[in-house]
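Below: one structure, written as structure tokens.
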Amino acid sequence: MMDALIQVDNIRKVYGMGEIQVAALDGVSLEIKTGEYVAIMGPSGSGKSTLMNLLGCLDRPTEGRYILHGEDVSELNKPQLAAIRNREIGFIFQSYNLLARTSALENVMLPLMYSKGNGSIDGREERAKESLIAVGLEDRMEHQPQELSGGQQQRVAIARALVNDPALILADEPTGNLDSRSGAEIMGLLDDLNASGRTIIMVTHDPETAAHTERTIYLLDGKIDQIQKNGSEKVHDETI
């Protein structure tokens, strides 16, 4: 039986002060086990981005607890959250977020520059090369983003997400800027990463993309509205 990588207990995220307050998340509880492949869906304003920011340790909940890899990260300060992000989480963004005029290899090396104990420059470069080879870009290491297709840029972003061997990969609309063929290739790569044991949580608006995952969490008005397992009917629940 898989261990829980993520445990979220009744988290709320409230924005605003005084009488004008908006609960972007309102009592969300969930559990995601190591090695799972999960999609998050919902209309604009449902809380998807807020939930991803909290899971990615980019923000803290107003109330509730978030346990990541056995550690309560709910009360950590900004430097502590930054250390957790660099050690435990790999991010994949819709817009790639690569540095221009910087080679693919240098882009992938960036997370290693902010981590302690990552060895010499040569050692970090070797790890980045291995990560690029793993996503099929061994012949594009010295290319800059503007010299790469959208699909290749996203592969660089995936290699960067993998280079620190994180416990969790968070993908925010990873195929949103890609044509259908490149999108299918990226989803195939994510599928392979999950098959190798990687835990992946993905925000998407596309049901076909979500269908790659084991289950989909539907958010509505800051709450978990529905949960769908592959090949099954949706069920109403407040927890997972």
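The values are calculated or read from the model by the stated rules, or taken from the named source; none is laboratory data. No experiment lies behind these values; they were computed from the predicted model shown. Every residue, glycine as well, gets a Cβ built from its backbone with ideal geometry; the counts of neighbours run over all protein chains shown. Ligands, DNA and RNA are excluded from the accessible area calculation, which covers all protein heavy atoms including side chains. Shrake-Rupley method; radii C 1.70, N 1.55, O 1.52, S 1.80 Å.
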Q: Could you list all residues from the stretch 1-13 that are within 17 Å of Met52 (Cα to Cα) and open to solvent by 30 Å² or more (accessible area, probe 1.4 Å)?
A: Gln7, Asp9, Asn10, Arg12
Q) Mind checking whether some residue in the stretch 99-110 is β-branched (Val, Ile, Thr) and over 17 Å from the mean Cα position of the chain (by Cα)? A) yes
**Q.** Matching entry among Ala100, Ala83 (being small (Gly, Ala, Ser) and in a helix (DSSP H, G or I))
**A.** Ala83
Q: Report, by residue number, each residue of the stretch 17-35 that is of a type in the set (Val, Ile, Thr), part of a strand (DSSP E or B) and at pLDDT 95 or above.
A: Val28, Ile32
**Q.** Matching strands (runs of 3 or more DSSP E) fully within the stretch 131-240 where at least 1 residues are within 19 Å of Met52 (Cβ to Cβ), open to solvent by 20 Å² or more (accessible area, probe 1.4 Å) and out of contact with any Leu (no Cβ under 7 Å at 6 or more places or on another chain)
**A.** 168-172, 215-220, 223-229
**Q.** Output for the stretch 137-173, where each listed residue is free of Cβ contacts under 8 Å to residues at least 40 places away in the same chain and under 16 Å from Asp191 (Cα atoms)
**A.** Gly151, Arg155
**Q.** Every pair of residues 6+ apart whose Cβ atoms lie under 7 Å, when the first sits in the stretch 39-52 and is closer than 25 Å to Asp191 by Cβ while the second is among the basic types (Lys, Arg)
**A.** Ile40/Lys48; Gly42/Lys48
Q: Quick one: which residue in Gly56, Gly16 is in contact with a strand residue (DSSP E or B) (Cβ under 7 Å, 6 or more places away or on another chain) and open to solvent by 30 Å² or more (accessible area, probe 1.4 Å)?
A: Gly16
Q | Condition check for Lys33: buried (at least 19 other Cβ atoms within 10 Å of the Cβ) and not small (Gly, Ala, Ser) | A | no
